[in-house]
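First comes the structure, then the notes that go with it.
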Amino acid sequence: MSISATGLPSLNGLPTAVKIVEVGPRDGLQNEALPIDTATKIDFITKLAEAGLPEVEASSFVSPKAIPQLGDAVAVFQQLPQRLGTVFSALVPNSKGLERAIQAGVKRIAVFTAASESFTKRNINMSIQDSLDTFAPVVKDAHAAGMSVRGYVSTAFVCPYEGKIAKEKVREVTENLLAMGVDEVSLGDTIGAATPKDVVETVGYVLQTVPKDKIALHFHDTYGTALANVLTGLQLGIAKFDSSAGGLGGCPYAPGASGNLATEDLVYMLNGMGIQTGVDLNKVADASLVIEKQLGKTLPSKQLQRIKASRAARASAAP
Ligand code: HMG
Ligand code: MG
């Protein structure tokens, strides 16, 4: 944070617009044991697109044994609304996943590895090097099929099995993914344990060799530090953040990981700071309510709960 002429902290120089990548239908739902039917997922995703989200990660072409909730990925993609100008993407872990994604007409995929060996092994049953060797032909074939490709580096700050992760490893894996042709890398705080100090140290180090526009940040909010981490990311010049409607989310292979940063809470903060997102907060809440109702539980987003309370108060005050 810079210091203004008055001696007060200044927020000048932050990005004026931010791209939000909505990961609720994938990162959110993958962690829910209660099966959600395909039609409800389509309703949820359609409402997210109507809210103006530029990219929605709609599902995963992973093994249905690993993530049963997303076993209907092909059916989801075949029924998505195509008229709203939102890009729909999906995770792909290997060539079998790519085949299924091509069959489903997917235009953007994400390959995903991590900066910790233990997490990578538990998540995708590969070493980090094996995952990179697996992705290289997947990225090449995806490009040949006309798709664009994002990369993820999970456990970029803290690993549930190994603790604090070395920034050098994060940069090495990021550079490897970029060298194989992914157009951006999302650095994941998979268990939501990072603080702004970790973000400054690790992302600041990565940015010494990687351009800012190649990096997105993906914060879970287990310890309540996600918005503080976003502010730190903005101060480092990052303008792409992942979040999940209602604060749904988690990773079944990362014990203790709770939901992603809630999209509603992110939009509220960015709106208040005058940073453009193109996203309608109330419409994101409409989408979250579809899933909240199905799951029969209160989602963690503070803004979602505020919007619900204010709608209920208006309804009870109506004549
Ligand atoms: P494996 O068991 O080592 O793989 O799993 P395999 O090749 O031996 O295959 C086992 C079985 O799965 C076979 O079936 C394959 O055909 C099938 P069987 O012969 O037993 O009937 N299979 C597939 N089926 C459908 N689609 C596929 C596929 N691949 C194999 N693509 C594997 C390795 C990678 C497949 C598995 O471990 C897996 O799917 N893992 C995914 C785990 C996952 O989705 N984790 C959550 C996402 S990551 C995350 O949340 C973090 C993130 O949000 C960022 C952050 O927060 O940090 C992105
Ligand atoms: Mg995640």
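Readers should treat all values here as calculations from the given coordinates under stated rules, not as data from a laboratory. Small disclaimer: the values here were computed from a predicted structure and weren't measured. Note: ideal-geometry Cβ built from the backbone for every residue, glycine included; neighbour counts use all protein chains shown.
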Convex hull of region 1-148 built on C-alpha atoms - directionally averaged projected area, nm² = 11.9 nm²
task = Obtain the nm distance between the two label points defined at LYS302 and ALA145 by a simple spin-label model: each point lies 7 Å from its Cα along the Cα-to-C-beta direction.
result = 4.2 nm
inquiry  = Is there a quick way to get the dipole size of the chain? I mean about its Cα centre, with the Cβ of Lys and Arg at +1 and of Asp and Glu at -1; what is the value in debye to the nearest 20?
reply    = 460 debye
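Can you tell me the length gained on complete extension of the stretch ASP43 to VAL200, counting 0.36 nm per residue apart and subtracting the Cα distance?
Numbers: separation 157, 0.36 × 157 = 56.52 nm, distance 3.82 nm.
In short, 52.7 nm is gained.
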inquiry  = Let me spell out the model: positive unit charges on the Cβ of Lys and Arg, negative unit charges on the Cβ of Asp and Glu, origin at the Cα centre of region 104-260. What dipole size does that give, in debye rounded to 20?
reply    = 180 debye
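Evaluate the relative contact order of the chain (contact order divided by residue number), counting alpha-carbon pairs under 8 angstrom at least 6 apart; express in whole percent. Could the numbers behind the result be given before it?
On the way: 661 pairs, mean separation 63.0, N = 319.
Worked out over the chain, it gives 20 percent.
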key: Charge tally in the Cβ shell below 15 Å around VAL290, where Lys, Arg are +1 and Asp, Glu are -1, VAL290 excluded   = -1
key: Computed P(r) (all Cα pairs; the chain; 10 Å bins; percent)   = 6, 28, 37, 22, 5, 1, 0
key: region 191-229 residues near the modelled MET273 label - backbone nitrogen below 15 Å, point 7 Å along Cα→Cβ   = 196-197, 199-200, 216-219, 225-229
request  = Using a 10 angstrom cutoff on alpha carbons, build the Gaussian network for the chain and name the most mobile of GLY71, GLY247, GLY151.
outcome  = GLY71
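Quick one: Cα convex hull volume of region 215-319, Å³ per residue?
Taking only Cα atoms, region 215-319 has a hull volume of 119 Å³ per residue.
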